[in-house]
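Engineer: Quick one: the structure is below, and I'll ask about it shortly.
The values are calculated or read from the model by the stated rules, or taken from the named source; none is laboratory data. A quick note: this is a predicted structure, and the numbers were derived from the prediction, not measured. Positions of Cβ are generated from backbone atoms using ideal geometry, with glycine treated the same way; all protein chains shown enter the neighbour counts. Surface areas here come from the heavy atoms of the whole protein model, side chains and all, with no ligands, DNA or RNA. Shrake-Rupley method; radii C 1.70, N 1.55, O 1.52, S 1.80 Å.
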Amino acid sequence: MLRQILNKFGTTIYLQIWGNRLKLTDTRTGLIFDEKPLVAIKSDSKGHLSILAAGNSATDAIGDNIEITNPFSHPRVLLSDFKVGERLLQYAFKEILSNTILPPSPRLVVHPMEKTEGGLTMIEVRAFSELALGAGARDAIIYQGRELSVQEIDFESLKEQTDE
């Protein structure tokens, strides 16, 4: 019963990941977050890291001890920095779900758009799943295949297909 209520009032987000682009689409409202997957990180004298900016605005961060990183850029795999990727997704969730007072945790369809030749390994599938859940999604599907249109995203149906 609780799951049905969450599904009725919650939202599903379609996340497409490229090495140089991150696109999230809220399937209920049609809102889109489409920016570079960059994060500006500052380290203090004790080595603690803090996020200064994310997305396109990260390129504007200037100062000492500031590093601009892309957690989805590596020569062999799409996910290169798990913690930074999580923080970037949290930022994107806030941007896309900011119009609600208490935004519910979204269901997420994660679609790696490149570096999938031969399919994803079970390790990559688990990494993307953990990334989504760690960023605040209440459920996640790792989808491989052609690009989906927002109208054809049925989370439960896709979940059944990916569980096979």
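Engineer: Only bridges with both residues in the chain count here: give the DSSP antiparallel percent, nearest 5.
Structural biologist: Numbers: 18 of 28 bridges.
In the chain, DSSP labels about 65 percent of beta bridges as antiparallel.
Engineer: Toward the positive end of the charge dipole of the chain, about the Cα centre and with charges on Cβ (Lys, Arg +1; Asp, Glu -1), which of Val77, Tyr143, Ile41 goes farthest?
Structural biologist: Ile41
Engineer: Scan (i) 16.1, 52; (ii) 15.5, 46; (iii) 25.2, 83 for the value of Rg and Dmax of the Cα atoms in Å calculated from this model and give just the label.
Structural biologist: Given (i) 16.1, 52; (ii) 15.5, 46; (iii) 25.2, 83, the structure-derived one carries the label (i).
Engineer: How large is the accessible surface per residue of the chain, computed with a 1.4 Å probe and reported in Å² as a whole number?
Structural biologist: Ligands and nucleic acids excluded, the result is 58 Å² per residue.
Engineer: Given R₀ = 22 Å, what would the calculated FRET efficiency be for Lys94 paired with Arg21, taking r from the Cβ atoms and rounding to 0.05? Don't jump to the answer; show the numbers that get you there.
Structural biologist: Values: r = 19 Å, r/R0 = 0.86.
Given R0 = 22 Å and the Cβ-Cβ separation, E is 0.70.
Engineer: With θ set to phi - 60° and the Karplus curve 6.51 cos²θ - 1.76 cosθ + 1.60, what are the ³J(HN,Hα) couplings of region 11-21 in order, to the nearest whole Hz, using x for Gly and Pro?
Structural biologist: Per residue, the Karplus-derived 3J(HN,Hα) values read 9, 10, 10, 9, 9, 10, 10, 10, x, 10, 7 Hz.
Engineer: What is the gain in length, in nm to one decimal, between Asp34 and Ser157 on full extension, counting 0.36 nm per residue of separation less the C-alpha to C-alpha distance?
Structural biologist: Working: separation 123, 0.36 × 123 = 44.28 nm, distance 2.55 nm.
Difference between extended and current length: 41.7 nm.
Engineer: In degrees, nearest 10, range 0 to 90: what is the angle between the Cα axis of helix 122-135 and the longest Cα principal axis of the chain?
Structural biologist: It is inclined by approximately 80 degrees.
Engineer: Using 0.36 nm per residue, how much length does the chain from Thr121 to Ser57 gain when fully extended, once their Cα-Cα distance is taken away?
Structural biologist: Working: separation 64, 0.36 × 64 = 23.04 nm, distance 3.27 nm.
Gain in length upon complete extension: 19.8 nm.
Engineer: While we're looking at this one, here's another question. Mind checking which of Leu78, Leu148, Leu22 has the largest fluctuation in a GNM of the chain, springs on alpha carbons under 10 Å?
Structural biologist: Leu148
Engineer: Hey, what number do you get for the chain at 222 nm if only DSSP H runs of n ≥ 4 count, each worth -39500 (n - 2.57), divided across all residues, to the nearest 500? Provide the component values of the computation, followed by the final result.
Structural biologist: Values: 4 runs with 47 residues, N = 164.
When only DSSP H runs of four or more count, the value is -9000 deg cm²/dmol.
Engineer: Between Lys46 and Phe82, what is the label-point separation in nm under the 7 Å Cα-to-beta-carbon projection?
Structural biologist: It works out to 2.4 nm between the two label points.
Engineer: Run the numbers for Ile68 and Gln144: contour at 0.36 nm per residue of separation, minus the present Cα-Cα distance, in nm.
Structural biologist: Result: 24.5 nm gained on full extension.
Engineer: Amide H of Ile68 versus every other amide H placed in the peptide plane: which residues, excluding those fewer than 5 positions away on the same chain, fall under 5 Å?
Structural biologist: Result for Ile68 returns Ile41.
Engineer: Of the accessible area of the chain, with the probe set at 1.4 angstrom, what percent is carbon plus sulfur? Write out the running numbers ahead of the final one.
Structural biologist: On the way: 4820 of 9550 Å².
Carbon and sulfur: 50 percent of the exposed surface of the chain.
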